[in-house]
1. Taking the Cα-to-Cβ direction at A:Asp440 and at A:Asn34 and moving 7 Å from each Cα, how far apart do the two end points lie in nm?
2. Please work out how much length the chain gains when fully extended from A:Glu99 to A:Asp234, using 0.36 nm per residue of separation minus the C-alpha to C-alpha distance, in nm with one decimal.
3. Please give the contour-minus-distance gain from A:Ser84 to A:Arg112: 0.36 nm per residue of separation, less the Cα-Cα distance, rounded to one decimal in nm.
4. Below 8 Å, C-alpha to C-alpha, sequence gap of six or more: please give me the relative contact order for chain A in percent.
5. Got a sec to turn the phi values of region A:67-84 into Karplus ³J(HN,Hα) couplings, 6.51 cos²θ - 1.76 cosθ + 1.60 with θ = phi - 60°, whole Hz, x for Gly and Pro?
6. For a footprinting-style exposure proxy, rank A:Ile375, A:Ile153 by other Cβ within 10 Å, fewest first.
7. Going by how many other Cβ atoms sit within 10 Å of their own, how do A:Thr19, A:Thr118, A:Thr378 line up, fewest first?
8. Using the Cα centre of chain A as the reference point, and only Cβ charges (+1 on K/R, -1 on D/E), how large is the resulting charge dipole? Debye, rounded to the nearest 20.
Amino acid sequence: MEVRTRIAPSPTGYPHIATIYQVMFDFVFAKKYNGKFILRIEDTDRARFVEGAEQVIFDSLKWFGLEPDEGPVWGGEYGPYRQSERLDIYQKYAKQLIEQGNAYYCFCSKERLEELRTKQQKEKKAPMYDKNCVTLSKEEIEKKLSSSIPYVIRLNVPKNQKIIVSDVVAGDVVFDSSQIDDQVLIKSDGFPTYHMGVVVDDYLMKITHVFRGTEWLPSTPKHILLYKFLGWEDSVPKYAHLPLLLDPEGAGKLSKRKGHASVDFYKQEGYLPEAVLNFLANIVWNHPDGQEIFTLKEFEKAFELEPFKMEVKSQGARFDIRKLEWMNGEYIRKMPDEELTKRLQEFLVDHPAKDRIAPLVPLIKERIKKLSDFIPLTDFLFEKPEYDLSIFEKLKIKNLNEVLNKVFEDLKVMEKPWKSENFEKTFRNFAEKSGLKAGDVFQLIRVAVSGQIVTPPLFESVKILGEDEVIERVNEALVFLKSNRVA
RNA sequence: GCCGCCAUCGUCUAGUGGCCUAGGACGCUGGGUUUUCAUCCCAGAAAUCACGGGUUCGACUCCCGUUGGCGGUACCA
């Protein structure tokens with residue numbers, strides 16, 4: 001049987017990093033077994049629907065290289081792939097369930113439901129629907145229907161049944177059906193709820209494996225019940241409820257409010273998609289060889305989903321951005337210069353000098369952890385520095401102005417074009433003659449040229465700036481020092 | 001409240017009864033290389049394996065309980 005996995009996001013805002021985390025498993029697993037990875041848009045919540053969110057999901061998947069084989073714009077033989085375009089299908093199965101007595105019309109008002117809930121909570125009972133409408137006669141139902149009283153369709157959950165969820169991560173989990181609420185299947189606006197939509201579509205789209213967050217584990221028995229009632233018992237997919245991504249500060253799930261949760265954050269900060277994926281995989285799964293850095297392909301190769309035991313941790317994992325940063329740096333350092341240049345150029349969309357960064361790449365490669373680090377590190381190469389007296393004051397040389405002046409004179413007479421070796425020799429000699437440490441002299445030149453304490457290697461930076469520009473900047477630094485009455 | 005999942009350094013984890021006086025990685029601290037920073041190399045601190053009972057010759061590993069964390073408990077997904 002062909003392996004078919006799916007991601008079913010709802011277009012309610014920008015995509016969450018946990019969605020990508022899930023997609024990664026779907027994608028890798030489908031690829032490993034030559035199966036198909038499907039994207040289905042679950043746009044059944046009209047209140048939370050956000051215009052354009054769907055496109056952002058597509059873009060994110062593309063950025064991570066996790067594009068589906070089937071989906072809304074990709075096509076496929078099991079479409080349509082948007083739930084809003086499948087309403088009649090859910091209706092059809094809902095009717096079937098009603099006829100079988102496995103579901104029923106419910107005309108209860110929101111107010112009654114609210115009252116019921118508060119009452120149950122007061123009595124310290126689990127808030128559940130009381131099956132009030134299950135006993136309605138055919139005539140009563142017809143009457144209410146024809147006078148267009150709003151209704152929902154509820155699942156008629158039987159009492160005192162054991163429902164076993166076989167999960168590849170958690171193992172077999174037994175639920176008591178008496179604890180399960182009569183879930184709404186079709187809302188009063190005619191749209192299905194998640195539970196109805198997911199079961200019908202997963203069945204119709206022939207989904208074989210479901211990877212989703214553990215927050216879904218408690219509602220899985222409802223889904224299993226639905227498969228059973230619809231006569232699809234043999235088609236229940238294999239479930240793998242993945243550990244939740246927890247907030248680094250430790251207050252529950254990684255939430256959208258906290259920034260790190262948005263896929264966009266990683267793009268904007270200059271994280272590499274492959275590094276993010278590696279990180280995501282690594283926090284819940286360990287490579288059998290013990291390596292922490294591995295490609296998606298390597299993950300795919302080593303990842304196993306044994307019949308009842310998946311090699312994935314089942315506890316929630318804190319999302320430690322510092323480790324991601326380190327990992328991202330590792331990827332940057334291992335990347336060929338040409339590739340890094342390309343990535344940097346793609347990242348620096350508005351950078352005025354992005355076409356001229358190639359020679360810088362080898363200089364900054366070991367110094368950046370994220371693509372965005374490039375900007376503060378190299379700014380001085382593209383624009384004149386703004387000098388700050390406190391930075392000059394950090395230098396170990398006492399008579400700054402005097403020494404810099406001598407440097408200035410030496411620079412003017414140095415043989416052009418400057419060569420790194422010659423530059424170094426000149427100022428080492430200079431330092432020795434002046435009784436200064438070579439490092440201190442170089443640091444002074446660095447600050448004069450860049451205005452910064454930290455820069456890429458000095459000799460190479462100087463070369464990139466060019467002789468005239470360097471001399472001019474040293475002169476400007478002198479003027480600055482004088483105007484601040486520095487000796 | 002009820003139901004469920006989980007429990008090893010600050011964080012991510014290795015560990016499936018003896019190899020564990022618990023290993024690795026990030027981070028942190030110190031040192032070395034270096035024109036700054038970074039890279040790289042070396043060293044170090046850091047977990048009474050949540051707690052309490054069992055089972056066993058022997059438990060981080062198995063069982064029970066407690067505690068704690070997390071998730072669910074919607075006409076949201």
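None of the figures in this text is laboratory data; all of them are computed from the coordinates on show. Keep in mind the model is a prediction, meaning the values are calculated, not measured. Heads up, the Cβs are rebuilt from the backbone with ideal geometry, glycines too, and the neighbour counts pull from every protein chain shown.
1. Between A:Asp440 and A:Asn34, the simple spin-label model gives 7.2 nm.
2. Values: separation 135, 0.36 × 135 = 48.60 nm, distance 2.16 nm.
Gain on extension, A:Glu99 to A:Asp234, equals 46.4 nm.
3. Working: separation 28, 0.36 × 28 = 10.08 nm, distance 2.88 nm.
Net length gain for the segment: 7.2 nm.
4. Numbers: 669 pairs, mean separation 60.0, N = 487.
Computed over chain A, the figure is 12 percent.
5. Result, rounded to whole Hz: 7, x, 8, 9, x, x, 9, 8, x, x, 8, 10, x, x, 9, 10, 5, 5.
6. Numbers: A:Ile375 14, A:Ile153 25.
With the sparsest Cβ surroundings first, the list reads A:Ile375, A:Ile153.
7. Numbers: A:Thr19 20, A:Thr118 11, A:Thr378 23.
The most exposed by this proxy come first: A:Thr118, A:Thr19, A:Thr378.
8. Details: 72 positive and 76 negative charges, 222 e Å.
Charge dipole of chain A: 1060 debye, to the nearest 20.
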